[in-house]
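To start, the structure under review is shown below, and the notes come after it.
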Amino acid sequence: MLNGSGLVRKGATLLLLIASGCAHPPHRRPGGCGPLPRDAPTLAIPPVVERGEISLDLTRLAPFATLETSLSRERNTVSTYRALSARDCLCLAARASSVGNLLDQKANQGLEQAKGTGPLCDEVKQTRLVQEGMLRDAALEARNRSAGAALELFYNLAESEGRLDVLKQSLAEIEETLATGERMKAKGMQLGDDFEILRRQRVATLNSNIELDLAIERLNAELQHRLQLGPTDERWRIWPVVEQSVVADPIDVPAAVVLGLERRPSLLLLRRLGQSLDRENAPIVRRVIGQVHALLELSSQDELTGWKVLISVFKRPQASDREVQELCRQLQAYRIEHERSVAEEIRQDVMIVAARLRQVAVVREEVDGWDRRLDELKAKAERGISTFPERTTVQLRRFEAQGSLIEKVMAWNIARGHLAEHQGILIDGCGPTACPLLAAPGPG
C-alpha cells in the first residue's frame, strides 16, 4: 500500500513527464486500455439480510499474560538500534527529496543544453541560465519542506520512545503495589478502593504501552522510507539522538522575518523571475513554472493559488512587450503577497516557539513539585510512618508529569524546526560532506 509520500513521488514524476512533453498525445496512445465503454459497469448486489448482532468469540484467545510472554519474544528480536541525530535526519531527508531531485535533474539538463554553440548561443545560454536558477530555487524549496516533515517525525519518535520508558516505569510501580496488596489481603487485611483504581489504571497503562509501541513501529517505517535508510534485510529501529538541553534564547522577531524574506527559496525564485523576464525567455519561463507548480503543488498544499497564478500569466507561447509588462506587474503583486504571507508565518512560528518554551517551564515545575512530595514521604517512612499506598499514587503522578514534560520539550523542538523551515534555513550546511552517514554506506 502506498503512503502519502509515495503517492506524492509517483504523482510528481508523472506530472513532470507531462510538463516536459514526454507523455503521448491522447489520440495516439500506444497500447493502453483503449476507449472507455459507454455502458456503466455491472454492479455487484449483496443479498438482503436482517440486521444482526456483532458478537465476539474470544474462547481461543489466550490470557494476556500468556499472550504477552509469547509476543514479547518476537518483539525482543528487534535488538538492534541505529543512532540518528536530528541534523542527519533533516539532511538525509533533503537529499532524498524526490521532488527536489527531479527539479535539480531538470536544472542539470538545462546547463548541458546551454553549452551548445551556434548563432543564437548567447541568447540560449542566458535563457537556460534563468531556467537553471529557477529550478535550483524550486528544488531547494522542495528539499526544505521534505526536511521539515522528516524532522517532525523524528521528534515524534523521540517523544514516543521517551514516553514508553515512563509508561514501563509506571506499570512496574503499579504491579509492585498490587502484589503488595495481594500479600496484605492474604493476611486478612482489608484493601481500600485505591487498589481497585490501580487495577483499572494497570489496564489503561497496558493499552497505552501497546499503542506507543505500535506508533514507534510506524514512525520507524516512515522515517526509514523517507530517509532511504538501510539495511533493509533485517529488523532494526532508529534511536533518535536528541539534544538534551533546553535553552531559552530570545528570538528577535524583526530579525527573524528579515532573514526569512532574504533566504526563503520560493521568494528567491520569484525575485529571480521578476528580474529576468523578457520577450525572449517568456516561453521557457512559462514551461519551467508549469513544472515547478505541478511538483510543489504535490509536495505542499500551502501555496497553490500563487503557483496557479503563475501558470495563468505564462500560458501564452509568445509575449509582446506590453504583455511582458503586464506579466511583470502581476508577478510583482504576487511576490509582495507571498512576502507578507511568509513574514506572518514566521511571526506565528516565533510565538509558538515561545509558547512551547513556557509550557516546558510550567511542566518542569510540576515534576519538581512531585519530587518534593516524594522526598517528604520518604522522610516519613524513615520515621516509621506508613506511606502505603499514597507513595504509589504520588509516584504515578510524577511519572505522568515526566511524560508530559517529554512531550512539551519535543513540541518545542518541532516548533523551532518549523521556524527554520519557513525561513528557508533548515538545511543550511547539508551536503554529502555534512552528513557522516553518507561517508560509508552499508549493505542493503
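Starting from the amide H of PHE388, placed 1.01 Å from N in the peptide plane, find each other amide H under 5 Å away whose residue is 5 or more places distant or on another chain.
Placed amide hydrogens put nothing under 5 Å from PHE388.
Could you sort 43-52, 395-404, 244-253 so that the peptide with the highest average Cβ count within 10 Å comes first and the rest follow in order?
Averaged packing, sorted descending, gives the order 395-404, 244-253, 43-52.
Through the Karplus equation 6.51 cos²θ - 1.76 cosθ + 1.60, θ set to phi - 60°, convert the phi angles of the range 86-102 into ³J(HN,Hα) values in whole Hz; use x for Gly and Pro.
4, 5, 4, 4, 6, 5, 5, 5, 5, 5, 8, 4, 5, 5, x, 5, 5
Quick one: if you stick a label point 7 Å off each Cα along the C-beta vector at GLN348 and ILE197, how many nm between them?
4.1 nm
Report ³J(HN,Hα) in whole Hz for each residue of the range 41-56, in order, from the Karplus equation J = 6.51 cos²θ - 1.76 cosθ + 1.60 where θ = phi - 60°; Gly and Pro get x.
x, 5, 8, 8, 10, x, x, 7, 9, 6, 5, x, 9, 7, 10, 10
If R0 is 35 Å, what FRET efficiency do you get for GLU211 and GLU234 from their C-beta distance, rounded to 0.05?
That pair, GLU211 with GLU234, gives E of 0.90.
What's the magnitude of the charge dipole for the range 350-434 around its Cα centre, counting Lys and Arg as +1 and Asp and Glu as -1 at the beta-carbon? Answer in Debye, nearest 20.
Roughly 240 debye, rounded to the nearest 20.
Using 13 Å as the cut-off for backbone N distance, which residues of the range 339-359 belong to the label zone defined by a point 7 Å from the Cα of LEU259 along Cα→Cβ?
Label zone hits: 346-347, 350.
What shape does the range 322-398 take by its C-alpha gyration tensor, where a ≥ b ≥ c are the square roots of the eigenvalues and a/c under 1.5 counts as rounded, a/b above b/c as prolate, and the rest as oblate?
Taking the square roots of the gyration eigenvalues as a ≥ b ≥ c, the range 322-398 is prolate.
Please name which of GLN228, LEU212, LEU167 has its Cα lying farthest along the dipole of the range 167-234 towards the positive end, using unit charges on Cβ (Lys, Arg +1; Asp, Glu -1) and the Cα centre as origin.
The one lying farthest along the dipole's positive direction is LEU167.
Which order do peptides 220-230, 82-92, 185-195 fall in by mean Cβ count within 10 Å, highest first?
82-92, 220-230, 185-195
Skipping prolines and chain starts, which residues have an amide H placed within reach, meaning under 5 Å, of the one on SER85, given they are 5 or more residues away or on another chain?
Result for SER85 returns VAL241.
We did not get these values from a lab; they are worked out from the coordinates using the rules stated. Predicted, not measured: the structure shown is a model, and the values here were computed from it. Backbone-built Cβ (ideal geometry, glycine too); neighbour counts: all protein chains shown.
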